[in-house]
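One structure is given here, and the rest of the page talks about it.
The values are calculated or read from the model by the stated rules, or taken from the named source; none is laboratory data. These numbers come from a predicted model, not from an experiment. So basically every Cβ, Gly included, is an ideal-geometry build from the backbone, and we count neighbours across all protein chains shown. In case anyone asks, the SASA skips ligands and DNA or RNA and just uses the protein heavy atoms, side chains included. Shrake-Rupley method; radii C 1.70, N 1.55, O 1.52, S 1.80 Å.
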Amino acid sequence: MKADSSLVSVVIYSPNNSGKRVYPLTRISVHCAVGQCIAYSAGMIFANPGFEASSNYGIGKDGSIGQYVPEAYRSRCTSSYDNDNRAITIEVASDTYAPYKVTDAAYKALIKLLVDICKRNGKKKLLWFGDKDKSLSYSPKPDELVMTVHRWFANKSCPGDYLYNLHGTIAAEVTKQLGGSAVSGSAAAAAAPASSSSGKEATASLSGADHTESGYTISAKQAMAVQILLNAYGYKGKDGKALTVDGAFGVNTEYAVVQYQKKNKVTSDGIVGPVTWNLLLGSN
Ligand SMILES: [Zn+2]
């Protein structure tokens, strides 16, 4: 797979895509990854078929940009068949807790990538309406892309309030760099109602779910990501073998986590809390 954008430094193909889009590209969906990953670690996780999810692009805490699914292909990211077939999806490294802040380096890389995507795809305006119904019913002109957010399609806070509250600023900045003027949500909503999605749809945050404010519990999806990364870094289970990527946090996974924690001189309790999780996502 060849990167679509010259800004990409990491290319790791994810099989978790549905092939070519069935609708033209008309949307952009920016997500929070729920972990301070780098482009490489997100790519390694999405490369595993068992993880089921993916995104077209990932942006690391260091501003590194990875591509995992070609732009012409449908990623499995927003829990929506309809949206993922219309959108380029971008996972951005974020804190593991609300408001899911992203680093300045990641934010700057996001703006650059969005400008690049628009230019190469003949788009001159990035629009943010801040309203689900209006956004989904709007018929974009050929040179427009509409921003949509994961929280409209699933019971999640994604992209987190930090990025959500910046969506207007992002749209205005990208449009400005494309030579256009900032666009308010004045365009009339019309035609092309979004069809409803069906079946189980993938959700791509690296943890598999948002974490609650009250506690940090590891989901099966996140356990799977931990197993994928520990295998990538060469850690073994208690049985001396590579870990089975099954999302079950058993004795072998716990053993490998403890070895990893010892090596990295953090509390070696075998528990993947925010410190170990971010360390895993930032290692290479
Ligand atoms: Zn998301």
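For this structure, a couple of remarks:
- Qualifying position, being assigned by TED's automatic domain parsing to the domain that holds Ile38 and closer than 20 Å to Gly43 by Cβ, among Ser135, Ser75, Ser79: Ser75
- Candidate set: the stretch 143-157, residues that are modelled with pLDDT under 95 and of a type outside the set (Gly, Ala, Ser); chosen: the one farthest from the ligand (Cβ to nearest atom): Asn155
Yes or no, residue by residue, for (1) among the basic types (Lys, Arg); (2) open to solvent by 50 Å² or more (accessible area, probe 1.4 Å); (3) modelled with pLDDT under 95:
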residue	(1), (2), (3)
Gly237	no, no, no
Tyr255	no, yes, no
Lys263	yes, yes, no
Val272	no, no, yes
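- Flag for Ser14 being over 16 Å from the mean Cα position of the chain (by Cα) and outside any helix (DSSP H, G or I): no
- Qualifying positions in the stretch 81-129 - of a type in the set (S, T, N, Q) and modelled with pLDDT of 95 or more: Asn83, Asn85, Thr89, Ser94, Thr103, Asn121
A quick yes/no check of all residues on (1) farther than 25 Å from Tyr81 by Cα; (2) within 20 Å of the chain's Cα centre (by Cα):
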| residue | (1), (2) |
| --- | --- |
| Asp104 | yes, yes |
| Cys118 | no, yes |
| Asp131 | no, no |
| Ser137 | no, no |
| Pro140 | no, no |
| Asp143 | no, no |
| Arg151 | no, yes |
| Tyr164 | no, yes |
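- Condition check for Ser79: closer than 20 Å to Leu163 by Cβ, in contact with a Ser or Thr (Cβ under 7 Å, 6 or more places away or on another chain) and surrounded by fewer than 23 Cβ atoms within 10 Å (Cβ to Cβ): yes
- Of all residues in the stretch 68-94, those being closer than 14 Å to Ile38 by Cβ and away from the ligand (no atom under 16 Å from the Cβ) number 0.
- Within the stretch 243-253, the set of residues being open to solvent by 60 Å² or more (accessible area, probe 1.4 Å) and part of a loop (DSSP other than H, G, I, E, B) comprises Thr244, Asp246, Phe249.
- At least 2 residues being under 25 Å from Ile228 (Cβ atoms) is the threshold, and among the strands (runs of 3 or more DSSP E) wholly inside the stretch 51-160 those reaching it are 57-59, 65-67, 73-75, 87-92.
- Members of the stretch 136-170 that are polar (S, T, N, Q), surrounded by fewer than 22 Cβ atoms within 10 Å (Cβ to Cβ) and touching a strand residue (DSSP E or B) at 6+ places or on another chain (Cβ under 9 Å): Ser157
- Selected residue (criterion: most open to solvent (accessible area, probe 1.4 Å)) from residues of the stretch 224-235 that are among the small types (Gly, Ala, Ser) and touching a helix residue (DSSP H, G or I) at 6+ places or on another chain (Cβ under 7 Å): Ala232
- Subset of the stretch 1-56 (residues that are in contact with an Asp or Glu (Cβ under 7 Å, 6 or more places away or on another chain), surrounded by 24 or more Cβ atoms within 10 Å (Cβ to Cβ) and under 24 Å from Glu144 (Cβ atoms)): His31, Ser55, Asn56
- Unmet criterion (only one of (1) open to solvent by 40 Å² or more (accessible area, probe 1.4 Å); (2) away from the ligand (no atom under 16 Å from the Cβ)) for Tyr97: (2)
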